[in-house]
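Comments concern the structure below.
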Amino acid sequence: MQTHESTFDAWLASRAVPGSKGLLLTPGGRRHLTVRNVKLAVDIAKEATPKVLRMVWGRHRLRALVLLLLNIARGVFPALRGYSQALIINEIQTAFSTGYFDMKQLPWLLSREFSRMVMESVLDSLINSTEKLVYNSARLEVEHRQMQLQLQLDIPTLSDPMVRDVVHESDLFVRSFAQSGAGGFGLLSPLDLVRILSLLCEVASHVFIICSLARTSPSHSFILLLTAVIVLFPHIVSWLRMYSRPDSDEPYNPQEAAAAAKLEKMHNLAYSEAHRREILAFGLGPWILRCWDNARRTLLVFPRCSRNCSSVLPIFWLSLRTSIPLLLMLQSSDGSLGSMAFYRNSVQGLVFALRELLTTTRMLLQSVFLMGAFSAAMDIRPKLMPAKGMAVPYRAFSRGMKIEARQQRNLTYTYPGSMEPALKGVSFKLEPGERLAIVGHNGSGKSTLAQILTRILDFDAGELLVNDVDIRRYDPEEYHRHVSTIFQGFSKFNASVAKNVGVGYIEHLYNPGEIQHAVKLAGASHIVDALPQGLKTRLDASGSDSSYPQMPGLQPWPSSTNHGLSGGEWQHIALSRAFMRADRPEVDLLVLDEPTSSLDAHAQNRTCDTVEKLSSSPKGRTRTVVFITHRLLTARRADKIAYMQNGTIAEFGTHQELIDLKGAYAALHNASI
Ligand SMILES: Nc1ncnc2c1ncn2[C@@H]1O[C@H](COP(=O)(O)OP(=O)(O)OP(=O)(O)O)[C@@H](O)[C@H]1O
């Protein structure tokens, strides 16, 4: 038998579409009931269940145990109820048939029934309060872990489609917690396992009662057998059919999962502020609507069909199924009225419990795979994290960051899915405190290099030393504390100016003094002062991605009431954000990707002055600066210039050296004068 080394391998194997070579189910796609899938589910369950249960129940161990026991007890109550009621009916029947009324027996039975009812309701309320506490903390735990994972995953890790899929299915698993008990998403969470246990107890107690009643006469044994066949057969048939039909009407068959994914995509596209201009300019509206309509219809068709087919028939069949054995029982003389009522109650209870049990357990297979995804996702190690045992603390140099892309081991990087490398054979050296300007044509690899230096992207080959240590040995989180940056497509948030700037150094998000200082450094004071509420003015980030507009702890805010800014004003805000952090003593490197592209000439000069000021102290240079620019007048102020061409540094040196070289930089410089 093929063994799977990890939960991830078993999970991946379960996604293979049977009979196809290399095709995978879409995330959330339903796995069919096959021997192979059952084996995979067993493998996953063995590995993942203890881990997930430990995580889920760990917060309230004692309460979880109490909940388990109470639920087992609850499973026996329906049978007890039937038994108690049967005794009362028998007593009344005896009173009617004999004309003798036992004054002691009936009140005793009634008070017992009353105590049973009280006990049942006490148990119910005890279960409900314990359940709420245990379930809520379990939900919080898994949602927290998922959120933590989501925030940890870096761009290189997320560029792997398998990682995205496992995180997607893990997310479905987490959402099943939020819907637990309500059957949302057609999934089953470990919380429902308690319910299964309770239902099993209920079924066992009903079966026990029916068996005890049948034991009294041989004819009853036959009735028992008949009851079992009549009650169980339709459920088992429907359960097997549900799994054997590829186009089952259960949620998350492959077709439906694809439709759900499309629906979400189209919905996001329609609501995305980032794409609005393109949608309007290219007339994409009707196409998006058509795709959304088709996906929605696909999702609506399945449940409608199943509801139509199943509304009246089950009630009829249930009555028939429970009545046939009862009629037979009535024909055999020795049954009392109470035992017959007891029998009927038990059969009906058995039918309902079995139905619920089968509905719940038929989701089990799918749920095990989603649980496997969750468990595997929790083990994902971000690609930028140093290998185990390789991490070293950040090594600080007193005068800024020393950067060296080794000449013998040139940096190379190709974006996932691209044929051509974005960077190839890049080598250069920057001493601590030096300022480097990167120039070159569009698409020459400048921003890619900047993202590698800021440890947003990794490289495929080569070696990059930071302060004489391989950059891959630094924990990215720690490394980022020593870097401040402004990206080419910086984020704009639907939030106040203060929040937009303050996130540059989150520890000072609520420190107006520090924020004012950063705004002043970026030369943006006049912009902020002109706003109706100064730093408190909410900005309209139309044109940025709506999936990331809200700041932590803020209520959603209708962007139409927010204040708009011009491109240059937004760039000032983004610069203020970078300067929030750039001013910190621990920051050794500033990476600025076209920080002045939308600024007027005065503002550009002022920004360059500020950057120079930030990178120096009265004792000398304290911060290394790398900035990308298309303006050669700005570039010549740097200590070194890297001229990039086709993903490589074609020329490297001071402005004068490159001019003397009379190469591509000199030509570009002459053309720009
Ligand atoms: N996410 C991506 N996926 C695939 N290819 C990419 C991606 N981003 C950039 N590229 C490609 O990598 C190459 C270098 O891009 P990069 O953004 O580094 O250029 P650049 O020099 O900064 O350009 P510009 O001056 O226009 O900003 C280009 O050919 C580009 O098409």
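Structure notes:
- Hey, Arg81 out of contact with any Pro (no Cβ under 6 Å at 6 or more places or on another chain) and modelled with pLDDT of 80 or more or not: no
- In the stretch 655-673, of all residues being surrounded by fewer than 16 Cβ atoms within 10 Å (Cβ to Cβ) and farther than 24 Å from Ala601 by Cβ, the one that is nearest to the ligand (Cβ to nearest atom) corresponds to Gly663.
- Pairs meeting the criteria (first residue in the stretch 412-425 and more than 12 Å from Gln645 (Cα to Cα) and aromatic (Phe, Trp, Tyr), second residue at pLDDT 90 or above and near the ligand (Cβ under 7 Å from one of its atoms), beta carbons under 7 Å, at least 6 apart or on different chains) are Tyr413/Ala422; Tyr413/Thr448; Tyr415/Ala422.
Here is a yes/no grid of residues against (1) closer than 30 Å to Val52 by Cβ; (2) polar (S, T, N, Q); (3) touching a Pro at 6+ places or on another chain (Cβ under 6 Å):
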{"residue": "Gln348", "(1), (2), (3)": "no, yes, no"}
{"residue": "Leu357", "(1), (2), (3)": "yes, no, no"}
{"residue": "Gln366", "(1), (2), (3)": "yes, yes, no"}
{"residue": "Ala376", "(1), (2), (3)": "yes, no, no"}
{"residue": "Ala405", "(1), (2), (3)": "no, no, no"}
{"residue": "Thr412", "(1), (2), (3)": "no, yes, yes"}
{"residue": "Met419", "(1), (2), (3)": "no, no, no"}
{"residue": "Ile438", "(1), (2), (3)": "no, no, no"}
{"residue": "Thr448", "(1), (2), (3)": "no, yes, no"}
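- Test: residue in the stretch 490-512 that is within 16 Å of the ligand (Cβ to nearest atom) and closer than 21 Å to Thr610 by Cβ: yes
- Yes/no for Leu453 being within 21 Å of Thr622 (Cα to Cα) and buried (at least 18 other Cβ atoms within 10 Å of the Cβ): yes
- Entry remark, the stretch 636-645: residues being under 16 Å from Gly663 (Cα atoms) and at pLDDT 90 or above number 6 in total.
- Selection from the stretch 418-448 of residues that are within 14 Å of the ligand (Cβ to nearest atom) and within 24 Å of Ser616 (Cβ to Cβ): Ala437, Ile438, Val439
- Filtered by the rule that a residue be β-branched (Val, Ile, Thr) and either over 13 Å from the mean Cα position of the chain (by Cα) or exposed (fewer than 13 other Cβ atoms within 10 Å of the Cβ) (or both), the stretch 121-152 gives Val122, Ile127, Thr130, Val134.
- Considering residues of the stretch 403-417 that are of a type outside the set (Ser, Thr, Tyr) and within 13 Å of the ligand (Cβ to nearest atom) only, the residue surrounded by the fewest Cβ atoms within 10 Å (Cβ to Cβ): Gly417
- Within the stretch 436-495, the set of residues being of a type in the set (Val, Ile, Thr) and in a helix (DSSP H, G or I) comprises Thr448, Ile452, Ile471.
- Verdict on Ile456 being modelled with pLDDT of 95 or more and within 16 Å of the ligand (Cβ to nearest atom): no
The values are calculated or read from the model by the stated rules, or taken from the named source; none is laboratory data. Computed from a prediction, not measured in an experiment: that's the story for all the values here. Backbone-built Cβ (ideal geometry, glycine too); neighbour counts: all protein chains shown.
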